[in-house]
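**Q** Take this structure first; my questions come after.
The values are calculated or read from the model by the stated rules, or taken from the named source; none is laboratory data. Remember, predicted model here, so these are calculated numbers, not experimental data. Virtual Cβ from ideal backbone geometry, glycine too; neighbours counted across all protein chains shown.
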């Protein structure tokens with residue numbers, strides 16, 4: 001699985017900033033936060049949108065701050081601490097303070113399947129993440145997708161797992177000039193269909209290839 005894009009970090013940050021509202025809009029809808037692109041733009045710009053719940057406005061602003069964090073910090077490790085910080089940023093004021101940046105302490109149900117994720121244990125999460133990052137035989141694009149899917153299936157937080165997963169993966173993508181992972185609105189139904197199968201089987205190969213084929217954005221500097 002080759003890198004689709006070979007950019008400098010500066011170039012990749014430029015791509016991200018140019019399309020940031022689109023990425024936030026798609027990420028929000030992926031987690032069931034129903035906002036339109038124009039509404040997302042107004043919120044991002046600090047404006048007021050009538051008719052939206054406070055939680056939706058907070059969620060969009062939180063994604064804005066989380067994106068700013070990954071774009072402005074290029075010298076931080078891809079570790080458990082960053083995972084927890086991204087959860088704090090994305091879920092601030094949306095979950096109880098005691099759950100922010102903390103592994104969940106209750107069981108969770110997954111819509112569309114009877115499968116249940118195992119309970120998260122900090123030592124195991126750290127070990128699994130370290131093992132994924134040590135796999136030097138894969139491109140950064142493949143590594144980012146694999147870690148994103150691992151975070152989604154692990155369901156380590158009480159809420160916001162898909163948002164955290166995509167942000168963490170895109171930190172890896174951006175730092176290594178590999179583009180941006182972003183799932184379009186029209187592709188989201190198929191994504192969820194494949195995600196459920198991945199949850200149930202633990203086999204990420206089909207979903208990983210699908211994301212690679214359909215959901216990586218960037219610019220070709222050769223054209």
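**Q** Taking segment 118-156, which residues are touching a residue at least 60 places away in the same chain (Cβ under 8 Å) and outside any helix (DSSP H, G or I)?
**A** Selection gives 138, 139, 156.
**Q** Can we say residue 174 is part of a helix (DSSP H, G or I) and either over 26 Å from residue 124 (Cβ atoms) or in contact (Cβ under 8 Å) with a residue 12 or more places away in the chain (or both)?
**A** Spelling it out, residue 174 is indeed part of a helix (DSSP H, G or I) and either over 26 Å from residue 124 (Cβ atoms) or in contact (Cβ under 8 Å) with a residue 12 or more places away in the chain (or both).
**Q** Restricting attention to segment 41-55, which residues are in contact (Cβ under 8 Å) with a residue 24 or more places away in the chain and buried (at least 17 other Cβ atoms within 10 Å of the Cβ)?
**A** 44
**Q** If you take the residues in segment 179-208 that are in a helix (DSSP H, G or I) and free of Cβ contacts under 8 Å to residues at least 12 places away in the same chain, which one is surrounded by the most Cβ atoms within 10 Å (Cβ to Cβ)?
**A** Residue satisfying both the conditions and the ranking: 197.
**Q** Still on this structure, I have one more. Looking at (1) surrounded by fewer than 17 Cβ atoms within 10 Å (Cβ to Cβ); (2) touching a helix residue (DSSP H, G or I) at 6+ places or on another chain (Cβ under 9 Å); (3) at pLDDT 95 or above, which is the one condition that is false for residue 38?
**A** (2)
**Q** Of the conditions (1) surrounded by 15 or more Cβ atoms within 10 Å (Cβ to Cβ); (2) outside any helix (DSSP H, G or I); (3) in contact with a helix residue (DSSP H, G or I) (Cβ under 7 Å, 6 or more places away or on another chain), residue 90 clears all except one; give me its number.
**A** It is condition (2) that residue 90 fails.
**Q** Being surrounded by fewer than 18 Cβ atoms within 10 Å (Cβ to Cβ) and touching a helix residue (DSSP H, G or I) at 6+ places or on another chain (Cβ under 9 Å) is true for just one of 170, 135, 176, 109. Which residue is that?
**A** 135
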